[in-house]
Amino acid sequence: MTHTIRVDIVSAEAEIYSGEATLVVATGELGELGIAPRHAPLITRLKPGHVDVVAANGERQQFFVSGGILEVQPQVVTILADTAARAADLDEAAALKAKEEAEAALANRGPQMDVSEAQAKLAEALAQLQALERMRKTLKH
């Protein structure tokens, strides 16, 4: 019998995913986290990036989160994010445009410019593009 853990991925807008999984991989502030059933409880902040869920049937699902909180309890992993989406639903053109706008804002910054806000937007756009690239690589194999 395969052990599983329930996974809930929730954004401010909606519940994105809820189901049983054998593994969850997410990008924490200090690096990649792999969460399997019976993992020790923990709470950590997430950076903008990918979340991979390996479902109980072996199917791999990929998501993008704009950052947030990951909580591990004995029977459930909860990811709370401001923005979350299935990687397949990401709009590459919009992500590229957001990346270019953030880079332009940083290059042409004036005294009114909030550098940290532009850097955060750039990091989010780059994370979306990386999630799309990871999805493409997975589909090729």
Do we find a residue being farther than 20 Å from residue 133 by Cβ and at pLDDT below 90 anywhere in the range 18-34? yes
Residue count, the range 28-51, condition open to solvent by less than 60 Å² (accessible area, probe 1.4 Å) and part of a strand (DSSP E or B), comes to 12
Residue 68: at pLDDT below 90, out of contact with any Lys or Arg (no Cβ under 7 Å at 6 or more places or on another chain) and of a type outside the set (A, V, I, L, M, F, W, C), yes or no?
-> no
Within the range 1-27, residues being open to solvent by 80 Å² or more (accessible area, probe 1.4 Å) and under 22 Å from residue 127 (Cα atoms) number 3
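The values are calculated or read from the model by the stated rules, or taken from the named source; none is laboratory data. Because the structure is predicted, anything quoted here is derived from the model rather than measured. Here Cβ is always computed from backbone atoms with ideal geometry, including for glycine, and neighbour counts include all displayed protein chains. Protein only, heavy atoms only, side chains kept; ligands, DNA and RNA dropped before computing areas. Shrake-Rupley method; radii C 1.70, N 1.55, O 1.52, S 1.80 Å.
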